[in-house]
Every structure is written in C-alpha cells, then in structure tokens.
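**Q** First the structure, then my questions, so here it is.
The values are calculated or read from the model by the stated rules, or taken from the named source; none is laboratory data. Given the structure is predicted, the values throughout are model-derived calculations rather than measurements. Positions of Cβ are generated from backbone atoms using ideal geometry, with glycine treated the same way; all protein chains shown enter the neighbour counts.
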Amino acid sequence: MAQRLLRALADVLFPPRCQSCGRTADDLTAGLFCPTCAGEIRYIAPPVCPACGAPGPAGQAADQLCGDCRREPKPFAVARSVAVYTGCLLQAIHDFKYRRQPGLGRGLGRLITDNHCAGIDPEGFDVVIPVPLHVRRLRERGFNQSLLLARAVATARGIQVDFLSLRRERDTPPQTLMGRKERQANIRGAFAVVHRDRLRDREILLIDDVYTTGSTLAECARALLDGGAARVGVLTLARAIPEPDGAP
C-alpha cells in the first residue's frame, strides 16, 4: 500500500513523459513512448529470412533465405529482432548507451518481452548471454547495455543469465562507420569463452541491442560454439535496415 501511494505521489509531482517527444502521457508504451511516438515504431513481422531475421522485400509471400545468408551462412542457428533501428527507438537506444541512461534498460527490455521476444522462445534455450564489452569500454560507460536487456528477458522468462563465460579479449575500434568487410576484420578473434564447463552442450540465447551487419553477433556465436555450446540463437531489440537505393 505504501509503495502504491509513493508511486502515485511521484506521478503527480513528476508526471510520466515520453522519452522521444517529452510530452506527458498516462499510457506510455513500455513506460517509454507516448501513443503517437509508439505508433511510429516499425515492428518486424513475417516474411523474414528464417536464418538472420532480415525483413523480406515487398511482395514476398513467405519466409525465404536472404541473399546474404545464401552467400555466407551464419554460425548462429537463428536471429530475430523486435523492430527497425529508426525513429524514436533509435533515439532511445542512443540515449541508453551514449548518454549513459541505464534506467532506460527496463523499458527497452519490456519492448522485447512485450513483443514476444520477436518470435523466439527464450525458454527453448538453457542460458542467456549478453554480448560483452571490453573492460575499458565498460569502465567508461559504467554498464553493459546488452546485459541489462539480457536480464530483462531472463527475468521475464525465468532463465539463467551468464555474463562471465564469454569475454571480449580485444578492445576493437568503434564500428559505426565501417562497412561489412571492415567490421568482420575488426571483430575477428575479439571474443573467447573462459568457462567452457558452463557452456558445454548448452543452447545459448545471445542478446544485444542492435543487429547491424551481424558481424559481432556471428563472431560471438563462433566463440561460443568453439567453446562447446550446442547451439546459439540471437535476439536483439533493433535491426539496422539499409535504405533502398534512391531513398532520401
């Protein structure tokens, strides 16, 4: 009762505001976005690539392997993302990571779980593992955004989180402006499993905030499989989608 009263008082003194536009609203989606901004989120729905989860082109009637997965099969068994990395979701993830607002992790985690984990059943995996940060980057930021998302998923589904068995060994340069080949070369050999006994024959759900080219996630999956994991799935909050040729 006391907690409810305190929460009600806090709502009066500090009314909930949309993370994107700043307007007050009583019905914020995942505690983050007003109905107008939430309506702009582009959720990813079938048809998608059954391997990496890339949205299919307009007019595609059923799930089909994308050209990238046909050319270069991924080491992970399946990957899915909740929504396209654009608009208010992109802004919130930037605030979360680069403006050091770890409190957003709870709401962003809810976006994953409220949307059925993008069609992946976490209960089909033995353990949830976040993509690790190098210790230097972790000290700078103060938290690992992927770990906060992993904890949200694991708590909602009653699964174990392991943030110690996969380690980032090399402090690689930021990949924001790199192309696919540069990212692959930059991240190669950057991860290693340090507790093989914990992962042997286990099915791992790897969690990250954004799927861009998949290079980092693929390198993590290779390290986990080399470390004894039986299978690796990938779940991310957002997915970067290249604009079509001629788009503004």
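**Q** If you check Pro102 against the conditions, is it within 28 Å of Glu140 (Cβ to Cβ) and either over 14 Å from the mean Cα position of the chain (by Cα) or among the aromatic types (Phe, Trp, Tyr) (or both)?
**A** yes
**Q** Are there any pairs with C-beta distances below 6 angstrom linking a residue in the stretch 219-231 that is assigned by TED's automatic domain parsing to the domain that holds Ile187 and buried (at least 17 other Cβ atoms within 10 Å of the Cβ) to a residue that is outside any helix (DSSP H, G or I) and among the acidic types (Asp, Glu), with the two at least 6 apart or on different chains, and if so which?
**A** Arg231/Glu203
**Q** Name the pairs whose Cβ atoms lie under 7 Å apart, with the first residue in the stretch 19-33 and in the same structural domain as Gln91 (by TED's automatic domain parsing), the second among the aromatic types (Phe, Trp, Tyr), and 6 or more positions between them or separate chains?
**A** As it stands, the answer is none, since no pair meets every condition given.
**Q** From the set of residues in the stretch 1-18 that are surrounded by 12 or more Cβ atoms within 10 Å (Cβ to Cβ) and modelled with pLDDT under 95, which is farthest from Leu217 (Cα to Cα)?
**A** Asp11
**Q** Kindly indicate whether Cys88 is at pLDDT 95 or above, over 14 Å from the mean Cα position of the chain (by Cα) and among the hydrophobic types (A, V, I, L, M, F, W, C).
**A** yes
**Q** Confirm whether Gln91 is assigned to a loop (DSSP other than H, G, I, E, B) and either in contact (Cβ under 8 Å) with a residue 12 or more places away in the chain or under 22 Å from Gly214 (Cβ atoms) (or both).
**A** no
**Q** Right, something else. Scan the stretch 148-160 and report the pairs whose first residue is in contact (Cβ under 8 Å) with a residue 24 or more places away in the chain and whose second residue is acidic (Asp, Glu) and assigned to a helix (DSSP H, G or I), with Cβ atoms within less than 8 Å and a gap of 6+ or a chain change.
**A** So the pair list comes out as Arg157/Glu123; Gly158/Glu123; Ile159/Glu123.
**Q** For the stretch 121-131, what are the residues that are in contact with a strand residue (DSSP E or B) (Cβ under 9 Å, 6 or more places away or on another chain) and either outside the structural domain of Arg170 (by TED's automatic domain parsing) or part of a loop (DSSP other than H, G, I, E, B) (or both)?
**A** Within the stretch 121-131, Phe125, Asp126, Val131 meet the criteria.
**Q** What are the residues in the stretch 133-146 that are crowded, with 23+ Cβ neighbours inside 10 Å and of a type outside the set (Gly, Ala, Ser), if any?
**A** Listed by number, the list holds a single entry, Gln145.
**Q** OK, next. Touching a residue at least 60 places away in the same chain (Cβ under 8 Å) and either surrounded by fewer than 16 Cβ atoms within 10 Å (Cβ to Cβ) or not in a helix (DSSP H, G or I) (or both): which single residue out of Ala62, Ala83, Ala51 fits that description?
**A** After applying the criteria, what remains is Ala83.
**Q** So, one more: Take the residues in the stretch 22-48 that are assigned to a loop (DSSP other than H, G, I, E, B) and touching a Leu at 6+ places or on another chain (Cβ under 9 Å); name whichever of them is nearest to Ala77 (Cα to Cα).
**A** Within the stretch 22-48, the match that is nearest to Ala77 (Cα to Cα) is Arg42.
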